Amino acid sequence: QVQLVESGGGLVQAGGSLRLSCAASGRTFSIRMMGWFRQAPGKEREFVTAISWSSGRTYYTDSKKGRFTISRDSAKNTVYLQMNSLKPEDTALYYCAARDADSDTRIWYQYPYWGQGTQVTVSS
């Protein structure tokens, strides 16, 4: 099993920045891809970005590219999400996820491991 713990969420004004962290533990050697999803109240869980653990290749949706940046620290088994120019519509519960296959997938149920989520609230 893989355990994921997110941190770094909070309240920020529009235009501000936040950096989320996700620390993995347990069977981390099985991780091939880690990603971030988010879910706002009344909405479906939405893919934000993902990174290949071995190659570092990154994947974004067009709407996030340029404002959000995913990175990893393999030595610390940690992935980060740097979010800049935040907007009120970015308000959501942000989840870290991991899977044991290295392929471009943005479907949440193809990630078997999840953190508990960290709340991001952007005020206008």
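Some observations on this one:
- Options 37, 29, 47, 68: the member that is under 12 Å from residue 96 (Cβ atoms) and of a type outside the set (Gly, Ala, Ser): 37
- A Cβ distance below 6 Å, combined with a sequence gap of six or more or placement on separate chains, defines the contacts here; from the range 21-44, residues that are farther than 19 Å from residue 94 by Cβ and touching a residue at least 12 places away in the same chain (Cβ under 8 Å) reach residues that are assigned to a strand (DSSP E or B) and open to solvent by less than 20 Å² (accessible area, probe 1.4 Å) in the pairs 26/2; 27/2.
- Within the range 108-124, considering residues that are modelled with pLDDT under 95 and over 21 Å from residue 54 (Cβ atoms), the one least open to solvent (accessible area, probe 1.4 Å): 108
- One residue alone among 71, 21 is within 19 Å of residue 105 (Cα to Cα) and not aliphatic (A, V, I, L, M), and that residue is 71.
- Enumeration of residues in the range 1-15 that are surrounded by fewer than 17 Cβ atoms within 10 Å (Cβ to Cβ) and part of a strand (DSSP E or B): 3, 5, 7, 10, 11, 13
The values are calculated or read from the model by the stated rules, or taken from the named source; none is laboratory data. Fair warning: this is a prediction, and the values are worked out from it, not measured in the lab. Cβ sites come from the backbone with ideal geometry, for glycine too, and all protein chains shown count toward neighbours. In case anyone asks, the SASA skips ligands and DNA or RNA and just uses the protein heavy atoms, side chains included. Shrake-Rupley method; radii C 1.70, N 1.55, O 1.52, S 1.80 Å.
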